[in-house]
Structure formats: structure tokens, C-alpha cells
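Novice: Got a structure for you, written out below as C-alpha cells; questions coming shortly.
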Amino acid sequence: MCGVAGILDRTGSTPADVLERRADAMQRALAHRGPDDHGVWSDPAAGVALAHRRLAIIDLAPSGHQPMVSADGRFVIAYNGEIYNFQAITAELKAAGRAIVGGSDTAVLLEACAFWGVERTLGKCIGMFAFALWDRATRTLTLARDRLGIKPMFWGRFGELFLFGSELKALWVHGGWPEEIDQGALLAYFRHAYVPAPYSIFKGVHKLEPGHILTVGPSGEPVSRQYWDLRGFARAGATDPFTGSYEEAREQVEALLLDAVGQRLVADVPLGAFLSGGVDSSAVVALMQAQSDRPVRSFSIGFHEQAYNEATHAKAVAAHLGTDHTELYVTPGQALDTVPELPRWYDEPFADSSQIPTLLLSQLTRDHVTVSLSGDGGDEVFAGYNRYFWAERIQRAVGWMPRPVRTALRAALTAVPPGGWDALYGVLPRRLMPPQVGDKVHKMAAILDAADMDDIYRRLVSQWAAPESLMPGVAEARGVLWNGTLATDRPDDMGRMQLADMATYLPDDILTKVDRASMAVALEARVPLLDHRVVEFAWRLPRAFMVRNGQGKAILRDILYKYVPRELIERPKMGFGVPLDAWLRGPLREWAEDLLDERRLRDGGLLDPAPIRKAWRDHLSGTVNRQYALWTVLMFESWRAHWGRAA
């Protein structure tokens with residue numbers, strides 16, 4: 001796993017020493033992603049420079065150094081990622097008479113692109129990646145990103161200058177471009193808690209979308225094309241579903257998962273896994289242990305606040321599987337110490353508060369191994385999120401009511417503060433009481449008077465229901481969630497919500513969170529549940545194979561129960577979170593008060609302080625839990641304080 005960056009100056013006027021110095025600064029900004037090696041390759045006459053930071057995972061020898069030049073001298077690559085089936089591709093290339101220098105998957109990817117071309121090569125690859133390929137013959141730069149968006153790639157064109165990098169900080173240190181906040185993208189951030197692709201926080205800088213290739217030829221005009229179509233597979237799954245039995249489907253999914261996990265066990269460095277004790281991570285660890293002749297290294301963190309603690313469940317699963325398990329119970333002080341560091345690793349505003357435990361877990365894991373497998377993606381692929389079922393139940397229960405009646409019902413439910421609902425449900429035994437029930441009631445109430453299923457989904461994923469109140473007169477940057485086309489891809493409600501999650505929330509929130517947290521400590525995180533073969537097949541599975549008794553991931557659960565007893569897994573779903581609501585009223589209050597100061601907000605020139613101050617007062621009073629909405633503002637203001645030039 002690595003970091004890549006580069007420059008293409010079409011004027012060709014940048015002196016050789018300046019070009020190399022700027023590219024070197026870009027790679028140094030990514031040093032945390034690759035502490036083992038670094039390099040810069042340049043062609044001043046063409047105005048191009050590629051830069052690389054290396055985290056050595058496969059072929060630790062110097063032959064894996066990047067940027068790497070192809071055997072015929074025509075192509076140069078700077079590559080971040082892993083091609084898990086590189087040995088099979090190697091055999092194909094050798095059969096065709098192509099030589100491979102060294103044993104790295106980089107060399108294999110490079111020679112495959114030289115032989116077959118980029119798009120045909122990517123069709124053969126199983127892996128996660130984001131890379132830049134320079135064609136010296138045609139003077140064409142190609143950027144590519146993996147199918148699901150596991151690895152990041154930013155790019156921007158500013159006149160004749162084209163910049164790219166794994167993280168925004170690489171573009172940042174180059175300078176020479178207008179660092180102007182994209183206010184429409186910022187408004188979208190306040191809704192989602194992340195800046196949705198293809199936008200970034202800066203005007204003129206974009207995220208390369210998952211499954212896309214971008215080429216910059218002699219004209220200098222960037223051209224993007226899609227080589228893998230998530231929505232196409234969703235459509236195909238609806239029109240051509242799997243017609244075999246449930247048992248046949250389960251066997252096929254298990255075979256795919258075993259192969260996906262097995263391929264991700266190849267490494268020349270120590271390897272382990274994140275383990276929360278939930279369905280997804282337990283399934284990954286179980287399939288790892290089934291293919292290992294020694295105890296798998298597993299890692300979890302716990303909190304002393306029981307509503308947020310999964311460590312006891314993880315420990316029980318680890319004991320049953322016989323893993324070599326390491327856990328760390330985090331004190332509030334340890335967790336809070338990471339908060340000031342978040343803007344350093346998340347180059348644009350990012351406000352999924354589970355970034356805190358993810359960073360802590362990555363730090364713990366990196367103390368022992370260099371590669372860790374993760375269970376991320378299971379909820380999206382196998383329909384695990386509670387919101388899929390809430391939305392349908394609410395539609396059935398109240399959809400027939402006139403909208404004014406539903407609005408009144410919403411008001412009645414939200415009149416009771418979350419703490420009141422928690423107290424009401426507190427009479428139930430702990431094993432029957434869902435965590436944070438008050439927050440769930442308020443979230444459910446928020447969708448009662450929604451117009452349709454698309455409106456329901458948008459409300460469920462919105463941190464600010466009306467983000468435009470924060471920036472009057474600014475138009476929100478909007479994408480697929482507003483254009484209505486998802487309904488044509490998947491007419492069924494659950495499938496449409498899954499597709500929306502997989503197209504937006506998964507790459508822009510979940511995978512961004514894991515990439516930045518893990519790479520902050522030079523840890524490679526691999527996500528076998530997002531093997532594209534698993535994803536493609538899962539879209540063909542009938543709903544009845546995914547959902548049983550109102551609970552998702554049925555087929556994945558049945559596979560897991562071959563390895564882990566049901567009673568160790570079955571419990572109310574718990575997110576990977578922190579007690580943010582209490583922290584904001586307690587140990588984080590002074591820090592938050594400073595960032596939410598009315599004068600500070602007004603002087604910033606972007607945000608209307610009134611709705612923010614009201615949300616802060618409501619939260620402090622305990623009548624309403626506004627933790628997530630407030631966290632978006634806090635992370636933005638913290639980001640502005642850290643990246644001062646953008647302020």
C-alpha cells in the first residue's frame with residue numbers, strides 16, 4: 001500500500017530541478033502512507049513528474065521501487081494498492097512471451113498495461129488500486145481507480161497544469177492553484193458528513209470516481225470513462241436474478257468469500273484482522289482461520305461505556321475461533337487526544353465520528369502487523385443496515401395516512417427527548433434493549449412525512465435536514481441521490497437503498513474513513529467482502545436470501561454459523577461509535593464552544609451562526625441530541641483551523 005502523486009505541466013516550461021523538487025515535496029507530504037521507500041521520476045521536456053511513497057507488502061526487495069519503468073521503456077507507473085491475483089496474470093503474461101522483472105504486483109500490473117492496455121488489464125485484476133500511468137510515446141497520462149473506490153485519487157486541472165495525488169495534501173504542497181472552497185460541495189458536506197464524489201472541498205479539484213479511468217492526452221483535456229458499472233450489475237441482478245436454490249447460493253457465496261479472503265492472505269509482512277464481534281468482521285476472521293495453519297492475529301478496541309463496547313463480543317468470537325487476540329480498552333482521554341489530529345489525516349472536512357475508534361484500532365493493530373483484513377462492506381453488499389427495514393416498515397404502517405397526519409405524528413414523537421425514550425425503554429432487560437433507542441426513535445420520526453422512498457433515504461443520511469439554512473443563497477452540489485434514476489436501476493425499495501449506499505456512502509464515507517485512518521499509521525487494510533466478484537453475484541440474489549424475519553445478511557449469517565455459534569453473534573446491531581453526545585456536553589465542551597463561538601463563525605464568512613448556535617444550545621440542554629449535526633460543523637471549523645490557507 002502506498003501513496004502516489006504527480007504533475008503534468010503542458011507548457012513544458014517548468015525547469016527540471018523545479019519539477020523534481022515539487023514532485024519530491026508532494027511525495028514527502030504522503031510519507032505516512034509509505035515509510036519504506038520513495039522515488040520521483042520526471043521528464044522535463046514533457047513537463048511530467050510521477051512521485052511515489054512505498055509501504056512494502058509484496059516483494060520487499062529494491063526491485064519493487066517506484067515509479068517503475070516498463071521493460072520496453074515506454075510506460076512509467078506510480079501505483080497504490082494490491083492486485084491479489086497477480087500470480088495468475090503473471091502466468092498469462094509469461095505464456096505470451098512477456099518478461100516480468102522482480103516479484104512485485106506492480107511489475108505485473110505495469111507489464112500487463114503495456115501488453116493489453118489499461119482497460120483490458122483492469123478487467124483481469126482482482127484488487128484495490130489507484131495508479132498513474134505515463135505513456136512516453138503518446139505523452140498521455142492515465143489515472144485509474146478500483147471498482148468499489150477502496151483506494152483514493154484526487155485530481156485537478158488548472159489551465160495547463162494538471163495535478164493528482166492519493167490525498168489532497170499532495171496537491172496542497174505543490175501550490176500554484178486557487179485554493180477556493182467550493183461552497184456547493186461544502187453544503188453537501190453538511191448534509192452527508194463527507195464531500196460526495198466527484199466533488200472535493202476545493203473548486204477545480206475532483207475525486208476520480210470508483211470504476212473509472214481518466215486520460216489526459218496531448219490536448220490537455222481530461223476525459224473520464226467507466227470500465228466497471230456498479231449500477232449495471234444492480235440492473236442485471238433485478239432482470240436476471242439467481243434461479244438456483246438457497247443452498248446452492250449459499251455454497252457459491254461461501255466459495256467466493258473463501259477465495260476472496262484467501263487471496264488477501266498473501267503478504268511478505270505480518271498480517272492480521274480487525275474483529276468487532278459483529279457478523280461481517282467475524283465472518284472474515286472465521287474464513288481466515290479456516291485457511292490458516294496458525295492462529296490468526298485479531299484486534300479489537302473496547303470502551304468502558306457499555307452502550308458503545310463490542311470488545312467482549314469480539315473476545316468471545318476470538319476464543320471460539322482460536323485466534324491470537326489483542327484488545328485495548330480506550331479511556332475517554334485517549335480517544336479525545338485523537339480529535340485534534342483528525343484534520344491532519346482527513347484533508348477535507350469529514351465528520352463520521354467513528355473515525356475516532358477506527359484510528360485508534362489502526363494504531364493498535366499497526367503495533368503488531370502491517371496488513372489487516374476488515375469486514376467493511378458487508379452491510380451494503382448483504383443488506384445489513386437497519387434503515388433498509390425501518391423505511392419499508394414505516395411506509396407500510398403510515399404511508400396510507402394523509403401527510404398532515406404524519407407530520408403531526410412526527411411532532412409528537414420528537415416532543416419526547418432521546419433521553420426520555422431511553423428511560424422508557426430502560427425497563428426492558430439489557431439484552432432486549434436496542435442501543436441508543438432515543439436517537440433511533442427520533443431518526444425514525446424524521447422520515448414519517450417523507451414524500452417517497454428517495455426522500456426517505458435522503459432524510460436518513462442527512463446530518464442537517466436543511467443544510468441550506470447554514471449557507472443561505474448557496475446551491476447544494478447534488479448527484480445521483482436527487483436525479484431519480486436509481487429507481488430505474490432497482491425498482492425494489494431495499495435494492496434501491498443498497499445501491500444508493502454502495503454508490504455514495506460506501507466509497508465516500510466508509511472506505512475513506514478506513515483508508516485515511518489505516519494509512520495514517522502505514523497499515524494496509526484489505527476488504528474481502530468488497531471483492532468485485534462477491535458484489536456482482538450478491539446483486540443477483542433474491543431478497544429472501546438476504547432477509548429473514550426482518551433481519552438482513554441472512555446468507556452471510558448462515559455461512560458464519562458454520563464456524564461460530566449463533567449465540568455469540570445474535571444481538572441488536574451496534575455501530576462502531578463513541579459516546580459523542582456525552583463528550584460534547586462534558587470533556588469536549590470547551591473545545592467545541594471555542595469552535596462554535598458566534599463571532600468566530602460570523603467572521604469565517606461562510607456560515608450563518610444562528611442555526612448552529614441553536615443546535616448547540618439544544619444539545620447542551622439535553623432536550624435534543626444534535627451530536628451528528630454539530631460534529632459536521634466542528635470538523636469543518638477544525639479543518640479550517642488546521643489548513644489555514646483555506647480559511
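Novice: I want to check a number: in the chain, how many lysine pairs have alpha carbons closer than 25 Å, given a sequence separation of 8 or more or different chains?
Specialist: 29
Novice: Tell me, what are the semi-axes, in whole angstrom and largest first, of the equivalent ellipsoid of region 3-90 as set by the roots of 5 times the Cα gyration tensor eigenvalues? Please list the in-between numbers first.
Specialist: Values: eigenvalues 120, 51, 18 Å².
Sorted largest first and rounded, they come to 25, 16, 10 Å.
Novice: Then there's this: What nm distance separates the two modelled labels at Ser219 and Ala96, each placed 7 Å from Cα along Cα→Cβ?
Specialist: Simple spin-label model gives 2.8 nm for this pair.
Novice: Helix 279-289 versus the longest principal axis of the chain: what angle, 0 to 90°, nearest 10, using Cα atoms?
Specialist: So the helix axis and the longest Cα principal axis differ by about 40 degrees.
Novice: What does the highest-first list of 399-408, 293-302 look like by mean Cβ count within 10 Å?
Specialist: Numbers: 399-408: 12.6, 293-302: 20.2.
Taking the mean over residues of other Cβ atoms within 10 Å, the ranking is 293-302, 399-408.
Novice: Let me ask you something else. I need the Debye-formula profile for region 2-228: one equal scatterer per C-alpha, no solvent, reported as log10 I(q)/I(0) at q = 0.08, 0.09, 0.12, 0.16 1/Å, two decimals.
Specialist: Values, matching the q order: -0.27, -0.34, -0.61, -1.09.
Novice: Further, regarding this structure: Could you give the size of the charge dipole of region 2-228 about its Cα centre, using +1 on the Cβ of each K and R and -1 on the Cβ of each D and E, expressed in debye and rounded to the nearest 20?
Specialist: Numbers: 23 positive and 23 negative charges, 67 e Å.
That gives a dipole near 320 debye.
Novice: Taking the square root of 5 times each eigenvalue of the Cα gyration tensor, what semi-axes in Å does the equivalent ellipsoid of region 166-236 have, largest first? Please list the in-between numbers first.
Specialist: Working: eigenvalues 117, 79, 19 Å².
With the √(5λ) rule applied to region 166-236, the semi-axes are 24, 20, 10 Å.
Novice: Highest mean first, how do 586-592, 349-355, 155-161, 95-101 rank when packing is the count of other Cβ atoms within 10 Å averaged over residues? Please report the intermediate quantities before stating the final value.
Specialist: On the way: 586-592: 15.0, 349-355: 24.1, 155-161: 17.1, 95-101: 11.9.
Packing proxy ranking, top to bottom: 349-355, 155-161, 586-592, 95-101.
Novice: Taking 0.36 nm per intervening residue step and subtracting the Cα-Cα distance, what contour gain separates Trp390 from Gln226 on full extension?
Specialist: Numbers: separation 164, 0.36 × 164 = 59.04 nm, distance 3.34 nm.
Gain on extension, Trp390 to Gln226, equals 55.7 nm.
Novice: Moving on. What list of ³J(HN,Hα) couplings, whole Hz, do you get for region 318-326 from phi and the Karplus terms 6.51, -1.76, 1.60, once you set θ to phi - 60° and write x for glycine and proline?
Specialist: 4, 5, 5, 7, x, 7, 8, 9, 10
Novice: I would also like to ask the following. Post the alpha-carbon centroid distance, region 193-255 to region 98-160, in whole angstrom.
Specialist: For region 193-255 versus region 98-160, the Cα centre distance is 17 Å.
Novice: Quick one: dipole size for region 579-647, taken about the Cα centre, charges +1 on Lys/Arg Cβ and -1 on Asp/Glu Cβ, in debye to the nearest 20. Intermediate results must be reported in sequence, preceding the final value.
Specialist: Details: 11 positive and 10 negative charges, 19 e Å.
It comes to approximately 100 debye.
Novice: Shifting gears a bit: What number results when the radius of gyration of region 138-185, computed over Cα atoms, is divided by 2.2 N^0.38 Å? Please list the in-between numbers first.
Specialist: Values: Rg = 12.5 Å, N = 48, 2.2 N^0.38 = 9.6 Å.
Relative to the rule-of-thumb radius for its length, region 138-185 sits at 1.30.
Novice: Continuing with this model, one more query. On alpha carbon coordinates alone, what is the Rg over Rh value for the chain, Rh being the Kirkwood radius? Show your work: numbers first, answer last.
Specialist: Values: Rg = 24.4 Å, Rh = 25.6 Å.
Dividing the radius of gyration by the Kirkwood radius yields 0.95.
Novice: What's log10 of I(q)/I(0) for region 579-647 at q = 0.19, 0.22 Å⁻¹, Debye sum over Cα points only, no solvent?
Specialist: -0.70, -0.92
Novice: Measuring from label point to label point, each 7 Å out along Cα→Cβ, what is the Asp240 to Val474 span in nm?
Specialist: Placing both labels 7 Å beyond Cα along the Cβ direction yields 4.5 nm.
Novice: Extending each Cα 7 Å along its Cβ direction at Trp482 and Ala61, get the distance between those two points in nm, one decimal.
Specialist: Going from the Trp482 label point to the Ala61 one covers 5.5 nm.
Novice: With r as the distance between the Cβ atoms of Asp337 and Glu593 and R0 = 25 Å, compute the FRET efficiency 1/(1 + (r/R0)^6) and round to 0.05.
Specialist: Efficiency, rounded to the nearest 0.05: 0.85.
Novice: Of Val371, Phe162, Phe636, which is farthest on the positive side of the dipole of the chain, counting Cα position, with +1 on Lys and Arg Cβ, -1 on Asp and Glu Cβ, and the Cα centre as origin?
Specialist: Result: Phe636, furthest along the dipole toward the positive end.
Novice: Over the chain, what is the percentage of antiparallel beta bridges among all DSSP beta bridges, to the nearest 5? If you can, show how the numbers build up before the last one.
Specialist: Numbers: 55 of 72 bridges.
So the antiparallel bridges in the chain amount to around 75 percent.
Novice: What does the charge dipole of the chain about its Cα centre add up to, to the nearest 20 debye, if the Cβ of each Lys and Arg holds +1 and the Cβ of each Asp and Glu holds -1?
Specialist: Values: 71 positive and 78 negative charges, 203 e Å.
Using only the charged Cβ atoms, the result is roughly 980 debye.
Novice: Using alpha-carbon pairs under 8 Å, 6+ residues apart, how would you state the relative contact order of region 579-647 in percent?
Specialist: On the way: 43 pairs, mean separation 21.3, N = 69.
This gives 31 percent for region 579-647.
Novice: To continue, here is another question. Arranged from highest to lowest average of other beta-carbon atoms within 10 Å per residue, in what order do the peptides 455-465, 211-221, 623-633 appear? Present the calculation step by step, with values, prior to reporting the outcome.
Specialist: Numbers: 455-465: 18.5, 211-221: 16.2, 623-633: 21.8.
So the order, starting with the most tightly packed, is 623-633, 455-465, 211-221.
Read-outs throughout are calculated quantities, based only on the coordinates presented, and are distinct from any laboratory measurement. Note that this is a predicted model, so its numbers are computed, not measured. Neighbour counts run over all protein chains shown; Cβ positions are idealised from the backbone, glycine included.
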